[in-house]
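Enquirer: Would you mind keeping the following structure in view while I ask a few things?
The values are calculated or read from the model by the stated rules, or taken from the named source; none is laboratory data. Computed from a predicted model, the values in this text were never measured in an experiment. For neighbour counting, all protein chains shown are included, and Cβ atoms are generated from backbone atoms with ideal geometry for every residue, glycine included. Ligands, DNA and RNA are excluded from the accessible area calculation, which covers all protein heavy atoms including side chains. Shrake-Rupley method; radii C 1.70, N 1.55, O 1.52, S 1.80 Å.
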Amino acid sequence: MDAMDSSAGLPEKPLFIPVILGTPRKGRSSEHVANFVAAQVAARPEAGTELIDVRALSLPASDEGEAIKDPAFSATMMRADALILVVPEYNHGYPGMLKHALDSNLKEYIHKAVGIVGVSAGPWGGTRVIENLLPVMRELGLVTIFWDGNFPHAQKTFDKDTGALLEPAHVRRLEKFVNELVWMAKVLRYGRENVAIE
Amino acid sequence: MAQREKLKCPGCGGEMNFHAEKVDYSKALADPQSMDAEFGGALEEFHTCPRCKLTVERPATD
Ligand SMILES: Cc1cc2nc3c(=O)[nH]c(=O)nc-3n(C[C@H](O)[C@H](O)[C@H](O)COP(=O)(O)O)c2cc1C
Ligand SMILES: [Zn+2]
């Protein structure tokens, strides 16, 4: 098998797993979550990451789909082996700007892994927004995993000034989520590169 | 089934792997000629280069 170094259990090229911060809202708690998640991924020997802020993408509101591609965003998605979406729950759904950005690509996502991290003010940690995003992921050609990130009571979970995590249990939970995403990313990279459709 | 000829990667010239067929709705809107009425969008093939990670899309050949 040439896409994996089975002796070390590591892929020969590091995985690239960007984190998308899915809201432009001023004062967003999701930013603390995204920073925490990106730091956890960056600490993994087998993966690199980059934080992508939907606020920083130059996507016009006057059109939709691949017609509005941001070349840098699309290039980053092309390079990615997996994605992590940090998504606040807005009226039980996802922010429109995240969907606007995701819809600007397609081939960049095909057969890549995605993990979703929900963020909410309420007690459910964005479980409803995660469920609502799953069918969208499928249609974008992304492959979902069975772990999610859940950050309920987001305002109380991070120090609002420093962004420091105040609930240490999230470290271990997120580790399980990233473990599964890394596994799926390795398998799908092998599949994209080596397993042909008949 | 007979093995199809491998697409050449536009980035490095290496052989690409054909790993997916999927409907692309956005493409059919941008290029109405590509619309496959049976699927409601453009039926596309996706090929990935193992060397440079590039994925290219082209109309399905079936
Ligand atoms: C338009 C809007 C709708 C919201 N709807 C919900 C909701 O349905 N459930 C919930 O728990 N919190 C809801 N919230 C609160 C956010 O989940 C909360 O602000 C959380 O910190 C994550 O979003 P943020 O990154 O924008 O801060 C909503 C916030 C906004 C701006
Ligand atoms: Zn190539």
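Enquirer: Could you grab me the full set of residues in segment A:124-153 that are within 15 Å of ligand 1 (Cβ to nearest atom) and either within 14 Å of chain B (Cβ to nearest Cβ) or touching an Asp or Glu at 6+ places or on another chain (Cβ under 7 Å) (or both)?
Expert: Those that are within 15 Å of ligand 1 (Cβ to nearest atom) and either within 14 Å of chain B (Cβ to nearest Cβ) or touching an Asp or Glu at 6+ places or on another chain (Cβ under 7 Å) (or both): A:Gly126, A:Arg128, A:Val129, A:Ile130.
Enquirer: Given (1) of a type in the set (D, E, K, R); (2) open to solvent by 80 Å² or more (accessible area, probe 1.4 Å); (3) at the interface with chain A (Cβ under 7 Å from one of its Cβ atoms), identify the lone condition not met by B:Glu38.
Expert: (3)
Enquirer: Within segment A:112-123, identify whether any single residue is hydrophobic (A, V, I, L, M, F, W, C), more than 14 Å from ligand 1 (Cβ to nearest atom) and out of contact with any Gly (no Cβ under 9 Å at 6 or more places or on another chain), and answer yes or no.
Expert: Yes, because at least one residue in segment A:112-123 is hydrophobic (A, V, I, L, M, F, W, C), more than 14 Å from ligand 1 (Cβ to nearest atom) and out of contact with any Gly (no Cβ under 9 Å at 6 or more places or on another chain).
Enquirer: Evaluate segment A:165-176: report whether one residue or more is within 16 Å of A:Pro95 (Cβ to Cβ) and not charged (D, E, K, R).
Expert: Within segment A:165-176, the subset within 16 Å of A:Pro95 (Cβ to Cβ) is none.
No, that holds for no residue.
Enquirer: Still on this model: So for segment B:23-35 (the condition being within 16 Å of ligand 2 (Cβ to nearest atom), closer than 19 Å to A:Glu108 by Cα and either open to solvent by 20 Å² or more (accessible area, probe 1.4 Å) or modelled with pLDDT under 95 (or both)), does at least one residue qualify?
Expert: No, segment B:23-35 has no match at all.
One line per residue, one yes/no per condition, for (1) farther than 22 Å from A:Met78 by Cα; (2) open to solvent by 60 Å² or more (accessible area, probe 1.4 Å); (3) modelled with pLDDT of 95 or more:
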position: A:Lys13; (1), (2), (3): no, no, no
position: A:Val19; (1), (2), (3): no, no, yes
position: A:Gly22; (1), (2), (3): no, no, yes
position: A:Arg25; (1), (2), (3): yes, yes, yes
position: A:Ser29; (1), (2), (3): yes, no, yes
position: A:Phe36; (1), (2), (3): yes, no, yes
position: A:Ala39; (1), (2), (3): no, no, yes
position: A:Gly48; (1), (2), (3): no, no, yes
position: A:Arg55; (1), (2), (3): no, yes, yes
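Enquirer: Conditions first: (1) within 27 Å of A:Thr76 (Cβ to Cβ); (2) more than 14 Å from the chain's Cα centre (by Cα). B:Gly40 passes all but one, so which condition is the exception?
Expert: The failed condition is (1).
Enquirer: Within segment A:99-107, does at least one residue satisfy the condition of being touching a strand residue (DSSP E or B) at 6+ places or on another chain (Cβ under 8 Å) and within 11 Å of chain B (Cβ to nearest Cβ)?
Expert: The answer is yes; a qualifying residue exists.
Enquirer: Here's a follow-up. Does segment B:41-62 hold any residues that are β-branched (Val, Ile, Thr) and either open to solvent by 50 Å² or more (accessible area, probe 1.4 Å) or more than 12 Å from chain A (Cβ to nearest Cβ) (or both), and which are they?
Expert: Start the filter on segment B:41-62 by keeping residues that are β-branched (Val, Ile, Thr), which leaves B:48, B:55-56, B:61.
Residue satisfying the conditions is B:Thr61 alone.
Enquirer: Restricting to segment A:64-79, count the residues that are away from ligand 2 (no atom under 16 Å from the Cβ) and either away from chain B (no Cβ under 11 Å) or under 18 Å from A:Leu21 (Cα atoms) (or both). Step through it out loud before you land on a result.
Expert: Within segment A:64-79, the first condition is being away from ligand 2 (no atom under 16 Å from the Cβ), and the residues that meet it are A:64-74, A:76-77.
Those left that are additionally either away from chain B (no Cβ under 11 Å) or under 18 Å from A:Leu21 (Cα atoms) (or both): A:69-74, A:76-77.
Here the count works out to 8.
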